[in-house]
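I have placed the structure first, in the form of structure tokens, so that the comments after it can refer back to it.
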Amino acid sequence: AQKITQTQPGMFVQEKEAVTLDCTYDTSDPSYGLFWYKQPSSGEMIFLIYQGSYDQQNATEGRYSLNFQKARKSANLVISASQLGDSAMYFCAMRLEYGNKLVFGAGTILRVKS
Amino acid sequence: EPEVTQTPSHQVTQMGQEVILRCVPISNHLYFYWYRQILGQKVEFLVSFYNNEISEKSEIFDDQFSVERPDGSNFTLKIRSTKLEDSAMYFCASSEAGFRRTGELFFGEGSRLTVL
């Protein structure tokens, strides 16, 4: 079974500051992928970043980086230099190698203050 | 850039009516999915589809739901007799492969279903 936990219902960050959104996961499978998606108020789901369980290095995509701590089963998203347009809901998700579905966490609402 | 498109963007229906939500996945993708999101809640998996058959489905996906790929491009979700609790945003998604290093799902913009 897969489980994703996002313990922060909401976060505030000052514009231009960095922010970390927490995600922990639970699976007994050794091979899996971890994803972060952004959902702005318009509702669409935007893929941000991916981390494979066997990847040696933390994933980075522009201002997004994933702090992957495999032993702790955590996959926190770090957004550097926050912008007002980063205000959105952020979902952490997991996919097992021998399955197709993504399982999502409950999400974290991020508000960037000017 | 290729994208997943969904129609309608919003549908209002009476309880008990049949609804069909349509999706055009990205053309070279092989795996197709439906997810739903009740307002303010998490995104929930409904069903995955590969090689013209359901590969996995959740407990939510009961006999009232069905999926079909009637031609080479469309992927539809049918709800036979809608209930109030079916009101949600329904997302279609597709992926190039079942699992790979960059096997992210690409989502459509969603179809909001309101059941009265």
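The values are calculated or read from the model by the stated rules, or taken from the named source; none is laboratory data. Bear in mind the structure is a predicted one, so any value in this text is a computation, not a measurement. For neighbour counting, all protein chains shown are included, and Cβ atoms are generated from backbone atoms with ideal geometry for every residue, glycine included.
So the values come out like this:
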| read-out | value |
| --- | --- |
| Looking only at the stretch B:39-56, and only at residues there that are outside any loop (DSSP other than H, G, I, E, B) and among the small types (Gly, Ala, Ser), the one that is surrounded by the most Cβ atoms within 10 Å (Cβ to Cβ) | B:48 |
| Test: residue in the stretch B:76-92 that is facing chain A (nearest Cβ under 8 Å) and crowded, with 16+ Cβ neighbours inside 10 Å | yes |
| Answer residue from the stretch B:1-57, given it is more than 12 Å from the chain's Cα centre (by Cα) and acidic (Asp, Glu) and is nearest to the other protein chains (Cβ to nearest Cβ) among those | B:56 |
| Residues within the stretch A:75-114 that are within 30 Å of residue B:57 (Cβ to Cβ), outside any strand (DSSP E or B) and aliphatic (A, V, I, L, M), tallied | 2 |
| Hits in the stretch B:67-115 (condition: basic (Lys, Arg) and either farther than 20 Å from residue A:101 by Cβ or at pLDDT 95 or above (or both)) | B:78, B:80, B:83, B:112 |
| The lone exception for residue B:9 - which of (1) crowded, with 16+ Cβ neighbours inside 10 Å; (2) within 12 Å of residue B:108 (Cβ to Cβ); (3) in contact (Cβ under 8 Å) with a residue 60 or more places away in the chain it fails | (1) |
| Residue in the stretch A:88-102 that is over 27 Å from residue B:56 (Cα atoms) and at pLDDT below 95 present | no |
| Unique match (being over 10 Å from the mean Cα position of the chain (by Cα), touching a residue at least 60 places away in the same chain (Cβ under 8 Å) and assigned to a loop (DSSP other than H, G, I, E, B)) among B:73, B:81 | B:81 |
| Lone qualifier among A:21, A:34 - being on the phi < 0 side of the Ramachandran plot, touching a Leu at 6+ places or on another chain (Cβ under 9 Å) and modelled with pLDDT under 95 | A:34 |
| Tally, over the stretch A:41-53, of residues that are exposed (fewer than 12 other Cβ atoms within 10 Å of the Cβ) and within 9 Å of chain B (Cβ to nearest Cβ) | 1 |
| Test: residue in the stretch A:18-34 that is surrounded by fewer than 21 Cβ atoms within 10 Å (Cβ to Cβ), within 23 Å of residue B:58 (Cα to Cα), of a type in the set (S, T, N, Q) and touching an Asp or Glu at 6+ places or on another chain (Cβ under 7 Å) | yes |
| Of residues in the stretch A:70-95 being under 12 Å from residue A:4 (Cα atoms) and of a type in the set (A, V, I, L, M, F, W, C), the one farthest from the other protein chains (Cβ to nearest Cβ) | A:75 |
